[in-house]
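Take a look at the structure below.
What follows is calculated from the coordinates using simple rules that are stated; it is not laboratory data. Note that the structure is a prediction, hence the values are computed from the model and not measured.
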Amino acid sequence: MCDSGVIRLTPMERPPYSGGMISEFNELSDKIGLLAEMTHALRRENAQLRKDNAALAADNALYVQRMREAQERVEALLEKIPELVQAGLEQAASEAGAYSAENEKEA
């Protein structure tokens, strides 16, 4: 004990860090750096993928709208088919009647 009443511990001699411990620390530091780089790269890639996904979703919405419009046009044409068939039958009948009337006159 000292005169002032403070207990002083004797300094402990610490051996210097071993080369193995320093190399392990450097290896760990390198791995942390690599992990940080990979994290940043993955974040950039994720941001790009989100951007690409948004663009594809917009394209998809456009194609869905175009398909819907094409389907409406096809349905409208399908509704006209019976009218067109009927008109074609009537025209064929009238042409057949006119043809037979011509043949009767000639005969």
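Data overview
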item: Segment 21-107: equivalent-ellipsoid semi-axes (sqrt of 5 x gyration tensor eigenvalues, Cα, Å); result: 81, 12, 6
item: Contour minus Cα-Cα distance for Lys51 and Ala93 (0.36 nm per residue); result: 8.8 nm
item: Segment 27-72, Rg to Rh (Cα coordinates; Rh as Kirkwood inverse mean 1/r); result: 1.48
item: Extension reserve of the Leu42-Val85 stretch, reckoned as 0.36 nm per residue once the Cα distance is removed; result: 9.2 nm
